[in-house]
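Step one of this worksheet: look at the structure below.
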Amino acid sequence: MPDSHPRAPSEIMMLHTLKRVSMFSGLTPPEFHKILSACRLISLKKEDVLFHEGTEADGFFIVHSGAVSVHRLTPAGREHVIRVFYPGEAFAEVAMVTGAGYPASASAIEDSQVILVRRGDFRREIHRDPDLALRILASFSTHLKFLVETVEDLKLRQGESRLAQWLLRQSHSNGNTVELPLAKRLLASQLGLAPETFSRILSRWREAGLVEVDGPRITLRDPAALEGQIGA
């Protein structure tokens, strides 16, 4: 049955994004209406902080537009990017199952809008519909898989190997030219590399004729040679 409730433009925008989130797949229009009542749209400018590590958790978030970096500071004070989230992706769901603060910090890497799903309101919906709790666990599983793969990659591969593998993965769907989806320093951090190391690797590969670099665009001139970097 179609949802007959008149909606403000912001609610229509949020509803469209909620329908893209995997944990909400299969919900009926009335169920989406209940979830929507627990949501608030937040606008962020580039580099605005959404929350700091340890801050009391108000709820979890869904990226509506732009991109949000979730990161932690190393003991040396260096920012380590855990993951960058894009429209339709949820993060900080741990707020639903623990009273502790957020385990990491989050900030916008470009002008963005995020949907806050308020903790108290959403927990009441979970009591009404226990299947939502299973969907939250499935979302946790997706994040855990990503983190396990990241840790494995950091342990088993040298810097050149990690970057070569990332570029080749991207090139499989984009051809031999890869457009970096985020700033080089953020990508370097996500790959476990210092920005200086990232730049040195690209410079060495450019001099060797393996790649061509034009701002955020990297063209693979010798993919076979880059494949040779994997596991080296």
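Taking the simple approach of a point 7 Å from Cα along Cα-to-Cβ for both residue 199 and residue 166, what is their distance in nm?
Label-label distance for residue 199 and residue 166, simple model: 1.6 nm.
Along Cα→Cβ, 7 Å out, is where each label goes; now give me the distance between the ones at residue 180 and residue 121 in nm to one decimal.
Output for this residue pair reads 3.8 nm.
Relative contact order, percent, of segment 157-227 when contacts are C-alpha pairs under 8 Å separated by at least 6 residues?
Averaging sequence separation for qualifying contacts and normalising by length gives 36 percent for segment 157-227.
For a quick check: with amide H placed at 1.01 Å from N, whose amide H comes under 5 Å from residue 82's, ignoring anything fewer than 5 positions away on the same chain?
Amide H to amide H, under 5 Å and 5 or more residues apart or across chains, residue 82 pairs with 70, 71, 72.
Once amide H atoms are built 1.01 Å from N in the peptide plane, which residues 5 or more positions from residue 178, or in another chain, come under 5 Å H to H?
218, 219, 220
A short reminder: the numbers here are calculations on the coordinates, not readings from a lab. Remember, predicted model here, so these are calculated numbers, not experimental data. All Cβ positions, even for glycine, are placed from backbone atoms using ideal geometry, and neighbour counts span all protein chains on display.
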